[in-house]
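The values are calculated or read from the model by the stated rules, or taken from the named source; none is laboratory data. Just so it is clear, the model here is predicted, and its values are computed rather than measured. With ideal geometry, Cβ positions are generated from the backbone for all residues, glycine too; neighbour counts draw on all protein chains shown.
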Amino acid sequence: MLRLSEIRRLKDSVDAEWRSPIADDVAAAWGIPPGIARWWRSSATHVLVVPGAPRRYLRFVTADSDAAIRLRRGAELSSAFPDVEGLVVARPLPSSSGARVPTVETAFGTLAAVLVEEAPGEALDAASISAEHAHRWGAGLARFHAHAPAVARGSGPLDSHRRVTMHGDFELDNLRFIDGGIAVFDFDEARPGWAAEDIALATRALRGDEGDADRPELYATFLAGYRSVAQLSAAEEAAVHAHSLRYSAIRAADESMLDEGGHPDDPAWQRELHDELRAAIAWHRRAVEAGSR
């Protein structure tokens, strides 16, 4: 999550029509005329929408930040991803210079940016997916693990814990359901890790994280979908909870984004976001405390 002060600084440049001179500077790297790209939201990155058919999304962060490292790594991974039946990968579009993650000089500073087309398919949340969707979702993650470039997975027995190239955020808001499969985007959290860890991160909305409803039947169907494509041992399945607790420990300890928004003079939207983040951090602290008993 970006610092609230950075989000506010960019939002202050946005007019009533969601246009911004910063957006224009970034969009120009792809030859997009001024006034076309509109600010949409800021969370892990700043996101602009470029209307059209298909719609495109322009994402950017400060060029010398850790977020920029993740943005470049994700663009490299998605660009190199092979064609896989049942798994559509959103690939970054080259800028006018040919770079997929160009560096852009703006009044906001030096930025790293990436442009992708909107993924095809249907967007669904945990409350609206069917068992068939959950099965496809699990199978899609297994296909990702099986085919992602630079995979570091072992060749041990079935009960070993497999190392994979993780997507890191294979949640429903980064997926679209297509005929016979899944379309996936947003690869910023991709890195080497454990298959069970990626399952833990993907299925938080099915396992009751941060107040979401616990959906054990859909979670079981997700695992069945995963196993329809790749092996998943009982030991790996049992480790999902431990990986979830580790994620909660990281979230519980990180308040770096809360540098603004807690003062009565801050904008209402920023105070609301500050309170939402505080509540999420508190939830993860309680999860860690409960898991350590």
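A few comments on the model shown:
- Ala29 vs. criteria hydrophobic (A, V, I, L, M, F, W, C), touching a residue at least 60 places away in the same chain (Cβ under 8 Å), touching a strand residue (DSSP E or B) at 6+ places or on another chain (Cβ under 6 Å) and closer than 17 Å to Phe187 by Cβ: no
- Filter result for Ser42 (within 25 Å of Gly261 (Cβ to Cβ), at pLDDT 95 or above and over 23 Å from the mean Cα position of the chain (by Cα)): no
- The one condition from (1) in a helix (DSSP H, G or I); (2) over 28 Å from Ala75 (Cβ atoms); (3) not polar (S, T, N, Q) that Gly261 does not meet is (1).
- Taking region 45-67 as the range and being more than 17 Å from Arg91 (Cα to Cα), of a type in the set (A, V, I, L, M, F, W, C) and under 18 Å from the mean Cα position of the chain (by Cα) as the test, the residues that pass are Val61, Ala67.
- Qualifying residue in region 86-93 (condition: under 28 Å from Arg3 (Cα atoms) and among the β-branched types (Val, Ile, Thr)): no
- Considered as a group, the residues in region 173-213 that are free of Cβ contacts under 8 Å to residues at least 24 places away in the same chain and surrounded by fewer than 18 Cβ atoms within 10 Å (Cβ to Cβ) include one that is farthest from the chain's Cα centre (by Cα), and that residue is Asp179.
- Residues of region 93-128 classified as buried (at least 19 other Cβ atoms within 10 Å of the Cβ), among the hydrophobic types (A, V, I, L, M, F, W, C) and touching a strand residue (DSSP E or B) at 6+ places or on another chain (Cβ under 7 Å), total: 9
- Any chance Val240 is under 26 Å from Arg100 (Cα atoms), free of Cβ contacts under 8 Å to residues at least 60 places away in the same chain and either among the β-branched types (Val, Ile, Thr) or part of a helix (DSSP H, G or I) (or both): no
- Which numbered condition Leu223 fails, given (1) in a loop (DSSP other than H, G, I, E, B); (2) over 19 Å from the mean Cα position of the chain (by Cα): (1)
- Only a single criterion out of (1) surrounded by fewer than 20 Cβ atoms within 10 Å (Cβ to Cβ); (2) small (Gly, Ala, Ser); (3) under 14 Å from the mean Cα position of the chain (by Cα) is not satisfied by Ser78, namely (1).
- The listed residues are Ala119, Ala146, and the only one of them that is closer than 24 Å to Arg204 by Cα, out of contact with any Pro (no Cβ under 6 Å at 6 or more places or on another chain), touching a residue at least 40 places away in the same chain (Cβ under 8 Å) and assigned to a helix (DSSP H, G or I) turns out to be Ala146.
- Residues satisfying the stated conditions in region 233-269, i.e. over 23 Å from the mean Cα position of the chain (by Cα) and over 21 Å from Gly291 (Cα atoms): Ser233, Glu260, Gly261, Gly262, His263, Pro264, Asp265, Asp266, Pro267, Ala268
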